[in-house]
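Input: a single structure, listed below in structure tokens.
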Amino acid sequence: MRLLFTSIMAFMFSASGFCQTTITNGGFELWGNTVPSSDSYTEPTNWYSNQSGSSIAALGGETCFKDASVVHSGSYSVRVQTISGPFSTIINGNVTTGVVDAPTLTKSDGYIGTVNYSTSSDDRRMSFTGRPDSLVGWYQYTQGGSSEQGKIRAILHTGDYFDPETPTAYHVDPTANKIADVTFLTPMSNVAIWTRFAVPFNYVSASFPTYIMINVTSSADQATTVSGSTLWLDDLEAIYPPAGISNTVLTGDNVNVYAWNKTINICFNNVNEDNSVFSLYDITGKIVFSQTMVSNATYSYGMDYLPQGVYIYKIGNDSYVKTGKIVIH
């Protein structure tokens, strides 16, 4: 055990072997996309909203705003707000690195893609070649209705991509291009102070991506009929594992480990695995927690007794092992 952890710690303080690509304008400080239909609408640089979406999507009102009053750091945050648009249609608040596509006036036909449904030559893809272990950011949220919640989703991919992925008459199944994805859902409640979220990427390929698609909405339910939900987002970034610790694809043994509100959550994707052992170490190499678990369930362990900081976890059995960094806060 001492030899294993000595190796891990040595990796942590060596030069990183990962290409640590960053999210372009993840702090939303740069605003320069003037929407063609109106000089009064602007979008974050390298980001887009329904106002610069496909021809039908652009008919909706403004749902993406530069906010200088509710800011986590810097001068601005991005605010997306679900509104009542033309003909009393509810327009979900949105900002994305892709294109908001509305092939018809039916909400369920809508999707976000890298290709503009109205103009196929308009291909929007944010370059990204790293393999981070988690997506981190800060948010506030106001509900328009009691069942409303915001959503932030990121997909690492090659080629083009579409979200939702389910193929329709308007786009193909893009999942062959997926490297990893991650989704964060806000609580179904108001969050009136800046709150940090950190969620792990779920890798389905050992390849490196070429692009990242990030889709942000104030209403996670695409078919919502409620207006008024508002999501503020700031300081969005990709976090990488320590040097020497890889986010290996665990085919047949997929497990996600992440921390939230001083609680460690462990989620197994398979239901027929053997028991696994989860161990947590502080930065000195001392084991501070260990637990054996049946690998067909979701586990949550409260860590209120631990100081805030960076820890190293190891989880595995005779068939697999996964190690990584986790932040208790």
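Readers should treat all values here as calculations from the given coordinates under stated rules, not as data from a laboratory. A quick note: this is a predicted structure, and the numbers were derived from the prediction, not measured. Heads up, the Cβs are rebuilt from the backbone with ideal geometry, glycines too, and the neighbour counts pull from every protein chain shown.
From the square roots a ≥ b ≥ c of the eigenvalues of the alpha-carbon gyration tensor of the stretch 127-192, which class results: rounded (a/c under 1.5), prolate (a/b over b/c), or oblate? Oblate.
Placing a pseudo-label 7 Å from each Cα along the Cα-to-Cβ vector at T225 and S121 gives an inter-label distance of 4.2 nm. By definition, a body whose alpha carbon gyration tensor gives a ≥ b ≥ c is rounded when a/c is under 1.5, and the stretch 19-240 falls into this rounded group.
Among I193, I287, I264, a tally of other beta-carbon atoms within 10 Å of each Cβ gives an order, fewest to most, of I193, I287, I264. A DSSP coil position with no more than 16 other Cβ atoms inside 10 Å describes none of the trypsin sites (Lys or Arg not before Pro) in the stretch 66-171.
Taking a straight Cα-Cα cut-off under 18 Å and skipping sequence neighbours fewer than 8 places away in the same chain, the lysines within cross-link reach of K107 are K151. Computed packing ranks the peptides 303-316, 216-229 as 216-229, 303-316, most packed first, by mean other Cβ atoms within 10 Å.
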